[in-house]
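The block underneath contains the structure these notes are about, expressed in structure tokens.
We did not get these values from a lab; they are worked out from the coordinates using the rules stated. Given the structure is predicted, the values throughout are model-derived calculations rather than measurements. All Cβ positions, even for glycine, are placed from backbone atoms using ideal geometry, and neighbour counts span all protein chains on display.
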Amino acid sequence: MLPEAEINRVLVVTAHPDDVDFGAAGSVALFVDKGVEVTYLLVTDGDAGGNERTLDNSGMAELRRTEQRTAAKAVGVTDVRFLGYKDGLVVPSIELRRDISRVIRQVRPDLVITHHPDRNYLNVAPSHPDHRAVGGSALDAVYPDARNPYAFPELVLEEGLEAWTVREVWLTGGSAPNHWVDVTEAMDRKLAALQSHVSQVAHVEGFVDFVKTRFAAWADQAGFPSGHYAEAFQVVPTG
Ligand SMILES: [Zn+2]
């Protein structure tokens, strides 16, 4: 694995508002504590989810963006970017690979965190089609696109964005994690981030208990002491 001291910038690429907060906000908070620069890139605005149907589509998109910015602040992240793809309709595409490659070259992260692109047969929730499409396209952007100066030459010629090699990827939502981060000291901030998505979680009864139970189970699987919480990742070396 990449030594912690060599992780100076992290880019998190997700499909929807709240994905990063479920999968990785505790780990993000700990990175921020160490002075790591973290950027969020959201492919959609999440405007096809939630229960608040009194808003029209454009109002929902803006509400979701605002909630994600608030959630980001709860863990110390202020750089939040949106690509504006349609929620529920994301497919792996050359266009999406180019759009993620552009941000990789702008941010120049050491580590990218994104969705696992494979279907998880132990639990359907992490395998939303948008998640698989974003995870697959983000991995394609990491290798080969962002590091290949001849991929999307317009990024160099028109935008001055030189090739960049991401050295490691952490995948969320897979069925075979191999890295667990003890997020116990950041659990309050992770919960605050999750609860910032008011339009998605305010109506969910027992939400805090649900989250605590789920992340305590990861800690248990990792062999951390009881009362601890963990986030789980599959680490992919990409250097
Ligand atoms: Zn999602």
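With viscosity set to 0.890 mPa s at 25 °C, what whole-number translational diffusion coefficient in µm²/s follows for the range 56-184 from Stokes-Einstein and a Kirkwood radius over Cα pairs? Before the final figure, lay out each step's value.
Working: Rh = 16.1 Å.
In µm²/s, the coefficient is 152.
Tell me the net charge near ALA230. Cut-off is 9 Å between Cβ atoms, ALA230 excluded, with +1 for each Lys or Arg and -1 for each Asp or Glu.
Numbers: positive: none; negative: ASP182, ASP220, GLU231.
In short, -3.
Let me spell out the model: positive unit charges on the Cβ of Lys and Arg, negative unit charges on the Cβ of Asp and Glu, origin at the Cα centre of the chain. What dipole size does that give, in debye rounded to 20? Display every interim value, and only then the final one.
On the way: 22 positive and 34 negative charges, 31 e Å.
Computed charge dipole of the chain: roughly 140 debye.
Can you give the Rg/Rh ratio of the range 105-173, where Rg is from the C-alpha atoms and Rh is the Kirkwood radius? Don't skip to the end; give the middle numbers.
Details: Rg = 13.8 Å, Rh = 12.9 Å.
Ratio value, two decimals: 1.07.
Could you calculate the FRET efficiency of LYS86 with ASP188 from 1/(1 + (r/R0)^6), where r is the beta carbon distance between them and R0 is 25 Å, rounded to 0.05? Kindly include the intermediate steps, with their values, before the conclusion.
Working: r = 34 Å, r/R0 = 1.37.
It comes to 0.15.
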- Task: Could you work out the local net charge near MET1, counting Lys and Arg as +1, Asp and Glu as -1, over the other residues with Cβ closer than 14 Å to its Cβ?
- Result: -3
- Query: Which lysines, on any chain, are close to LYS86 with Cα under 25 Å apart, when same-chain ones fewer than 8 places away are left out?
  - Reply: LYS73
- Total formal charge among the other residues, if their Cβ is under 13 angstrom from that of VAL103, Lys/Arg +1 and Asp/Glu -1: +3
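What whole-number value in cubic angstrom gives the convex hull volume per residue for the C-alpha atoms of the chain?
Details: hull volume 27.9 nm³, N = 239.
For the chain, the hull spanned by Cα atoms encloses 117 Å³ per residue.
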- All alpha-carbon distances of the range 132-239, grouped into 10 Å bins from 0, give the whole-percent distribution 13, 29, 28, 20, 10, 0
- Simple SL model, points at 7 angstrom along Cα→Cβ for TYR150 and SER93; separation in nm is 2.6 nm
- FRET efficiency for ARG9 and GLU159, using Cβ-Cβ distance with R0 set to 22 Å, rounded to 0.05: 0.70
- Item | Euclidean distance between Cα centres, the range 205-239 to the range 142-190, Å | 21 Å
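For the ranges 108-120, 66-78, what's the packing order if you count other beta-carbon atoms within 10 Å of each residue, average per peptide, and put the highest first? Don't skip to the end; give the middle numbers.
Details: 108-120: 22.5, 66-78: 19.9.
The most tightly packed comes first, giving 108-120, 66-78.
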